[in-house]
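Visitor: Could you have a look at this structure, given as structure tokens, before my questions?
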Amino acid sequence: MGEAARITGVLFDPKKAFADIAAKPSWILPVILSIVVGLAFIYIFTSRVGWDRYFHTIAETNSRMQQMDATQRETVIQGQVRFGPIFGYVFGVIGPALMALIVGGVILLMAKIGGASLKFKQTFAIAAWASLPRVISGILALIVMFTKNPEDFTLQNPLPFFNAGGFLEPPPNSGKFIYALATSFDLFTIWVILLLAVGISAGARKMPFSKAVLLVATPWLIWVLVASGFAGLFG
């Protein structure tokens with residue numbers, strides 16, 4: 001399969017596409033697509049919504065920030081405003097490949113635990129291609145930014161109609177732990193998990209899809225609980 005055919009294959013015929021990806025691993029195209037959409041997102045967010053509004057909103061619900069006096073709090077916020085876009089652009093460039101490396105390593109470990117004989121170059125490629133739903137969600141988030149009032153756009157949950165967090169009010173009107181947990185269960189994340197499972201199953205050949213889902217979902221659930229707990233304690 002060509003690279004363009006792999007894109008449509010991952011989205012509409014993932015079993016065939018991931019069997020091809022596992023046989024001949026590649027990762028450059030999905031990473032480039034993720035970088036382009038990520039940089040576009042940061043640019044539009046910076047110019048249309050603004051980091052100043054974002055960090056002031058975060059400070060209003062952060063207990064440590066509220067313990068500071070007004071001058072200290074504003075100094076910290078202005079530092080965040082200055083470095084926020086820099087971090088955003090840097091992560092926009094290195095983030096897709098870095099995340100594919102991390103996810104590829106984790107699913108390689110889980111695949112080994114499950115008895116699958118996969119190589120890292122295979123799981124790295126599987127992780128890169130399985131991130132394509134994130135490209136779609138990024139494009140949708142760009143559309144929302146253009147069509148929505150900037151004051152109503154929330155960076156923590158740019159697509160609330162695709163996750164359980166859309167049924168909750170953002171903190172402080174709801175608990176930070178519950179809100180972070182709810183926003184983690186979104187359709188695009190579930191799509192990515194299922195694609196990763198298809199990739200493991202197709203690459204290992206003899207592994208049932210249901211077992212592959214369990215191997216992928218377990219570390220993700222652990223991560224979600226830890227991240228949500230951190231948000232509840234320190235967010």
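Visitor: Checking the condition in contact (Cβ under 8 Å) with a residue 24 or more places away in the chain, buried (at least 16 other Cβ atoms within 10 Å of the Cβ) and touching a Lys or Arg at 6+ places or on another chain (Cβ under 6 Å), which residue from Ala217, Ala212, Ala130, Ala202 passes?
Guide: Result of the check over Ala217, Ala212, Ala130, Ala202: Ala202.
Visitor: If you scan the stretch 140-191, which residues turn out to be of a type in the set (Phe, Trp, Tyr) and open to solvent by 40 Å² or more (accessible area, probe 1.4 Å)?
Guide: Within the stretch 140-191, Phe146, Phe161, Phe162, Phe167, Phe177, Phe185, Trp191 meet the criteria.
Visitor: Which ones in the stretch 178-235 are charged (D, E, K, R) and within 30 Å of Tyr54 (Cα to Cα)?
Guide: Residue satisfying the conditions is Asp186 alone.
Visitor: If Ala197 passes every condition in (1) under 17 Å from Val106 (Cα atoms); (2) hydrophobic (A, V, I, L, M, F, W, C); (3) modelled with pLDDT under 95 but one, which one does it miss?
Guide: (3)
Visitor: Separate question: Tell me whether the stretch 144-161 contains one or more residues that are farther than 28 Å from Ile58 by Cα, in a helix (DSSP H, G or I) and more than 16 Å from the chain's Cα centre (by Cα).
Guide: no
Visitor: Can you tell me which residue in the stretch 108-126 is farthest from Met207 (Cα to Cα), limited to those that are at pLDDT below 95 and open to solvent by less than 20 Å² (accessible area, probe 1.4 Å)?
Guide: Leu118
The values are calculated or read from the model by the stated rules, or taken from the named source; none is laboratory data. Note that the structure is a prediction, hence the values are computed from the model and not measured. Every residue, glycine among them, receives a Cβ derived from its backbone with ideal geometry; neighbour counts consider all protein chains shown. When the accessible area is computed, the model is the full protein with side chains, heavy atoms only, and any ligands, DNA or RNA have been set aside. Shrake-Rupley method; radii C 1.70, N 1.55, O 1.52, S 1.80 Å.
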